[in-house]
Amino acid sequence: MFHALIMAAEDPSKVNPVVPHPAEIILGLVAFLLLLFVVKKFVSPRFEALYAERTAKIEGGIEKAEQAQAEAQRTLEQYKEQLAEARAEAARIRDDARAEGLQIIEELREQAQAESARIVAQGQHQLDAQRAQIVAELRADLGRTAVELASKVVGESLEDEARRRGTVDRFLNELDAVAAPASK
C-alpha cells in the first residue's frame, strides 16, 4: 500500500487525479463502516426512541383534542337541549300565567256580576219592603181619613174596630180595583 503511494509520488505522470488511490478507498470504506456501525448501534435507536415518543405525544395530543372536541360537542348539545327546555318552560309558564290571568279575570267578573246581582236583589227587596211599608202607611192613613169622612157623611160613629176594618178594607179593595185597570 505504502508502496503504491511511494511509486505514485515518484512518477507523477502515471497518477490519475480523478481516481483515488486504493489505500484511500480502503481507509475511507473502513471509516465509513465504522461510522455506520456507531450510527446503527447508538444514534439510530435514540432517534427511533425520540421519534416514537414524539409520535406518541402527537397522537395522544390528537386523541386528547378529539376527546375534548367530542366532550365540547356533547356539552354544546346538552346546552342546546337545556336552552330548548328552558325556552319551552318559559313558554309554558307564560301560557299558564296568561290562562291563570284570564281565569282570574273571569272569576272576578263572575264575582262582580254576583255581587251586582246581590246588590240589585237587595235593593229590590228594600224597595219592595219600603213600598209595602208605604202602602201600609197609606192604607192606614187613607183608612182613617175614609172613616172620618164616612162618619161625617153617614153621621154615625164608625169607631167600632171590626166595622171600621171592614169598611176600610172594602174601600181599599174598590180603590185597588179601580187603579188596576188604569195602570194596564
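The values are calculated or read from the model by the stated rules, or taken from the named source; none is laboratory data. Please read these numbers as outputs of a predicted model, since none were measured by experiment. Ideal geometry is used to build each Cβ from the backbone, glycine not excepted, and the neighbour counts take in all protein chains shown.
Each residue in segment 132-146 was checked for being under 12 Å from LEU172 (Cβ atoms) and not basic (Lys, Arg), and 9 pass.
Checked against the criteria, ALA162 counts as out of contact with any helix residue (DSSP H, G or I) (no Cβ under 9 Å at 6 or more places or on another chain), modelled with pLDDT under 75 and in a helix (DSSP H, G or I). Of all the listed residues (ILE104, ILE119, ILE58, ILE62), the sole one being part of a helix (DSSP H, G or I), surrounded by 10 or more Cβ atoms within 10 Å (Cβ to Cβ), under 35 Å from the mean Cα position of the chain (by Cα) and among the hydrophobic types (A, V, I, L, M, F, W, C) is ILE104.
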